[in-house]
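This report refers to the structure that appears directly beneath it.
The values are calculated or read from the model by the stated rules, or taken from the named source; none is laboratory data. Given the structure is predicted, the values throughout are model-derived calculations rather than measurements. Cβ atoms come from the backbone with ideal geometry, glycine included; neighbour counts cover every protein chain shown. Accessible surface is based on the protein model in full, side chains and every heavy atom, while ligands, DNA and RNA are left aside. Shrake-Rupley method; radii C 1.70, N 1.55, O 1.52, S 1.80 Å.
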Amino acid sequence: MSKKPLILGIETSCDETAASLITEDGQGVPIVLSNVVSSQIDVHKEFGGVVPELAARSHTEKIDLIVKKAIKDSEKNIAEIDAIAATAGPGLIVCLSVGLSFGKALAATLNKPFIAINHLEGHALSPKLNSKLKYPYLVLLISGGHSQFLSVQGLGKYKRLGTTIDDALGEAFDKTAKLLGIEFPGGPQIEILAQKGDPNKYDLPKPIFNKGGCNLSFAGLKTAVLKISKNINNEKEKFDLAASFQKTIEKILYKKTKIAFFEFEKLNELKEKNFVIAGGVAANKKIREMMINLCNEKGYKSIFPPINLCGDNAAMIGMVGLEKYKIGEFNDLNFPAKPRWPLDEKALFLKGAGVKL
Ligand code: KG4
Ligand code: ZN
């Protein structure tokens, strides 16, 4: 039997230093041999958000150890690695540069191909780590830096159907949490507090709910939360605001996803309808539940990455690396770090004041 490719994935685009070894089985299904993720929550907690320079320093201190641990956990030898895949963007440039330089240096030393990976492609294809997926499929990518609906036509082929015109959904969760006095990153805590509150207590705005196709907007919602949070006097009201926020997000995503389904169906001849929900916020159980119900209603199959692979990790980076390795798609060692790197290069930039929807 021929040797299966062994890929080292490296991820340092934001505040997680991660490395993973990936191979595949006889059917071409990826196998995660190791998956090491070191979070920097403690480094950034006191600042209420990610501080790029501190994040970069922490990546620099840890990257060597994390890669060594990933190799050790995989029970493989460094010499067996066939290619090195590292995130090249989008993300914080000082952070990206750490993993990217490390990956390139290792590729040069081992004399193995180097593959530059788009972090968003990692999230978009991450369900391939636990399910067989056929193209085309629709993906909703909801993370701390991005919120978009994409029609995935194939590896490297994306058509953006909608995007946020201001904040990302994870950012909205984190900012709401901060206003409620919850430590960074508060997104996951909102979901927990929400279970104790009344979701109908506060009537929060749903920006661009009735216009803008499946584009999204969360800035107005955050402003409303800010105003209400100033008058919160007890724990009960805090729980109610968390619950009302969670409920409002569900309503927005329900409506916008229905529009995205329609646009996806207009674009593709479909034999089966698959909908992937990926990125850090896809770990939110209530959002998952709502999406599963919506998919049942509309004849879609709902697909999620495993919860531990929703957030940033290197397994998804190694897996895209594996796909690219199989078709010989390698990159030069002078491939730059790209802070902005949209999956659909043709899509309009839709952020900031004056956006026409
Ligand atoms: O994909 P990710 O790990 O990093 C980026 O690429 O941004 O996403 C992180 C985001 C954070 O904003 C975090 O608060 C949010 O995902 N998040 C959640 C939950 N778990 C993580 N938001 C809501 N509910 C959750 N359970
Ligand atoms: Zn991410």
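What do you get for trypsin sites (Lys or Arg not before Pro) in the stretch 219-291 restricted to DSSP loop and a cutoff of at most 14 other Cβ within 10 Å of the site's Cβ? Don't jump to the answer; show the numbers that get you there.
Values: sites: LYS222, LYS227, LYS230, LYS236, LYS238, LYS247, LYS251, LYS255, LYS256, LYS258, LYS266, LYS271, LYS273, LYS285, LYS286, ARG288; in loops: LYS230, LYS271, LYS273.
Passing both the DSSP loop test and the Cβ count: LYS230, LYS271.
Taking all pairs of distinct Cα atoms, average 1/r, flip it, and tell me the Kirkwood hydrodynamic radius of the stretch 1-61 in Å to one decimal place.
13.4 Å is the Kirkwood radius here.
Can you tell me the relative contact order of the stretch 134-304? Whole percent, Cα pairs under 8 Å, sequence separation 6 or more.
Numbers: 309 pairs, mean separation 45.4, N = 171.
About 27 percent, as a whole number.
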Query - Straight-distance crosslink candidates among lysines, where the alpha carbon sits under 16 Å from LYS236 and sequence neighbours closer than 8 are dropped - result: LYS196, LYS201
Report summary line: Dividing the alpha-carbon radius of gyration of the stretch 15-122 by 2.2 N^0.38 Å, where N counts its residues, gives 1.11
Query raised in the report: For the stretch 134-304, what is the convex hull (Cα atoms) projected area averaged across all directions, in square nanometres?
Result: 9.4
Query raised in the report: How many nm is it between the label spots at ASN234 and LYS301, if each spot is 7 Å from the Cα in line with the beta carbon?
Result: 5.0
Query raised in the report: For the chain, what is the calculated [θ] at 222 nm in deg cm²/dmol (nearest 500), taking -39500 (n - 2.57) for each run of four or more DSSP H residues and dividing by its residue count?
Result: -13000 deg cm²/dmol
**Report entry** Pairs from LYS72/LYS326; LYS128/LYS286; LYS4/LYS76; LYS132/LYS326 whose Cα-Cα separation, in the structure shown, is over 21 Å
**Finding:** LYS72/LYS326; LYS128/LYS286
Report summary line: Expressed in angstrom and rounded, the centroid-to-centroid distance over alpha carbons for the stretch 151-180 and the stretch 231-253 is 21
Report task. Calculate how steeply helix 235-267 sits against the longest principal axis of the alpha-carbon atoms of the chain, using the helix alpha-carbon long axis, and give the answer as 0 to 90 degrees to the nearest 10. Result -> 60
Requested in this report: Would you mind telling me the share, in percent, of accessible area of the stretch 134-304 contributed by carbon and sulfur at probe 1.4 angstrom?
Outcome: 51
**Report entry** Alpha-carbon centroids, the stretch 41-111 and the stretch 303-323: separation in whole Å
**Finding:** 16
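Can you give me the accessible area per residue for the stretch 134-304, using a 1.4 Å probe, in Å²?
Numbers: 7400 Å² over 171 residues.
Per residue, the stretch 134-304 has 43 Å² of solvent-accessible surface.
What is the magnitude of the charge dipole of the chain about its Cα centre, with +1 placed on the Cβ of each Lys and Arg, -1 on the Cβ of each Asp and Glu, and no other charges, expressed in debye to the nearest 20?
On the way: 48 positive and 39 negative charges, 204 e Å.
Around 980 debye, computed over the chain.
Ratio of the stretch 232-357's C-alpha Rg to 2.2 N^0.38 Å, to two decimals?
Values: Rg = 18.9 Å, N = 126, 2.2 N^0.38 = 13.8 Å.
Ratio of Cα Rg to 2.2 N^0.38 Å: 1.37.
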**Report entry** ³J(HN,Hα), Karplus 6.51/-1.76/1.60, whole Hz, each residue of the stretch 59-67, x for Gly, Pro
**Finding:** 4, 4, 5, 9, 4, 4, 5, 5, 5
Report task. Work out the FRET efficiency for GLU269 and ASP25 from their Cβ-Cβ distance, taking R0 = 22 Å, and round it to the nearest 0.05. Result -> 0.10
Report summary line: Answer in debye to the nearest 20: the dipole magnitude of the stretch 134-304 about its Cα centre, from +1 Lys/Arg and -1 Asp/Glu charges placed on Cβ, is 360
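Whats the longest run of the chain with zero GluC sites (Glu not before Pro) that are DSSP loop and have at most 15 other Cβ atoms within 10 Å?
By the stated rule (loop sites, at most 15 other Cβ atoms within 10 Å), 76-182.
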Query - Per-selection Rg to Rh, the stretch 256-328 - Cα, Kirkwood hydrodynamic radius - result: 1.04
Report task. Could you tell me what fraction of 2.2 N^0.38 Å the Cα radius of gyration of the stretch 115-212 comes to, as a two-decimal ratio? Result -> 1.30
Requested in this report: Treating the angle as unsigned and between 0 and 90°, give the value, to the nearest 10°, between the Cα long axis of helix 93-110 and the longest Cα principal axis of the chain.
Outcome: 20
Report summary line: Computed on Cα atoms, the radius of gyration and Dmax of the chain in angstrom are 20.3, 67
Query raised in the report: Which of PRO207, TYR137, LEU241 sits closest to the plus end of the dipole of the stretch 134-304, meaning its Cα is farthest towards the positive end, when Lys and Arg get +1 and Asp and Glu get -1 on the C-beta?
Result: TYR137
